[in-house]
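Below: the structure, in structure tokens.
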Amino acid sequence: MVNGVRFPVSTMLLLPRGLRFKHNGKRMNINKWNDLDAFFKGYSKYYKQIDNDYVVFNTWVSGAGGDFFTTLFLDSMLDVRYLDHQMLKYLKHYNRWQQIIPCMEMRINAAIWVNDTLGNTQNEIEYLQQQYLLVDYVYNLYILFELPPKEFIAIIDNIFKDALTCHITVKNTQHYKAHNLPVIPYFYYKTFAKVKTILLGYTEDETLRFYIDVLKLTKNFHWVDKTTKQLRLDLFPPETNLDIIKEASLFYNSILEPVDNIDVVRGVIADVLLKCLKENKYDVDKTKQNFREYLKNYTQQLSLIDLNTVELADTDDWLATTAKPYSGMMNWLPTNQLYKIDYRKLVLEQDTATIKQMMQLYNSNQDILYYKTQMQMYHERNMKLFNQLKEELKQYE
């Protein structure tokens, strides 16, 4: 029996040790844990085989400022390795700091492309589409826990193994950054009790989640392929006709032509355009007709954001069986392995207790006033970006 819920003995044996159910006593979907355990135990050569010392997964939803937080509290901002003008440009345009620890998702992506597992073809586009299909299978397993076709299992197993054995040690601890919970790593590490998960910028507030998502779009600028100058292929379903992607890219660039500050708006424009294309079943002509209305609605949503208003998310979102940071899939971890750092307390309020907790987690060496000051400056830069975005989008109202 766990928190008053009785399970068969066979089920209890498969549950991760220390599992607890939270959020109004609702049951977590333990079937997914059992399915994954059976899958990796049956098919992975590396199931519970990777030796690990103390590991921290610094996890945050994209846009929540985790790069800044980890760099700040690991005291790496005091040892800037970038050229001054590069750092200043990065802060001015995107309010981001240097990434000092390896990104789990980037390691996975690199393992896919470096291994070149599917072999080249005479048709480069066909090859790219094959690789993107592999990307879909990998991330559908990593994030959504959808099991891949059998012929891809060995390839994906090696990809995860490679990604999980490339860390950086800072202050005697192995660190990763991640935009998803370390559910899949659980099935690879020998000693998961040595793994900590720090959820940076966590919030159960829908208003803050939307605000954070807006920040992500203003700071993430990798929408266009540097070689083709078109919207990236992986932003579209694998079966999308290349002519459609080319036409959508031309339309995207035409939307940006009258914009003064492209760095601030291009992520939002791309996101709204892709959602509009999807809802119009990738009919570009129909999308052109509807796009202005979509963007106008988005702009109106931005104008209504009030950071002083708290709107709690649906509890079903907390219990969802995905690896996304808000899903609650790893709420079974004991309190010394899972830490949820509230975004409002850390960034908006610069709460003393929260900042002290961060200092303890990262073994920080500066005075607390230093971290409070840096947090205040970070928030002010975010608000400047946010207000610039709203100003630029007024022309589309």
Likely footprinting exposure, LYS177, LYS324, fewest C-beta neighbours within 10 Å first: LYS324, LYS177
Unit charges on C-beta of K, R, D, E only; dipole of region 272-359, Debye: 340 debye
Ranked VAL259, VAL272, criterion: other C-beta atoms within 10 Å, fewest first: VAL259, VAL272
Residues CYS103, CYS276 arranged by fewest to most Cβ contacts within 10 Å: CYS103, CYS276
Inter-site label distance for ALA110 and LYS32 at 7 Å from Cα along Cβ, in nm: 2.8 nm
For region 233-272 versus region 37-54, the gap between their alpha-carbon centres in whole angstrom: 40 Å
Stretch gain in nm, segment HIS222-GLN301, where the contour uses 0.36 nm per residue and the Cα spacing is subtracted: 26.0 nm
Which of GLN289, VAL310, GLY328, positive extreme of dipole for region 270-335 (C-beta unit charges): GLN289
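Every read-out reported here was derived from the displayed coordinates using simple, explicitly stated rules and does not represent laboratory data. Nothing here was measured: the structure is a model prediction, and the numbers come from that model. Note: ideal-geometry Cβ built from the backbone for every residue, glycine included; neighbour counts use all protein chains shown.
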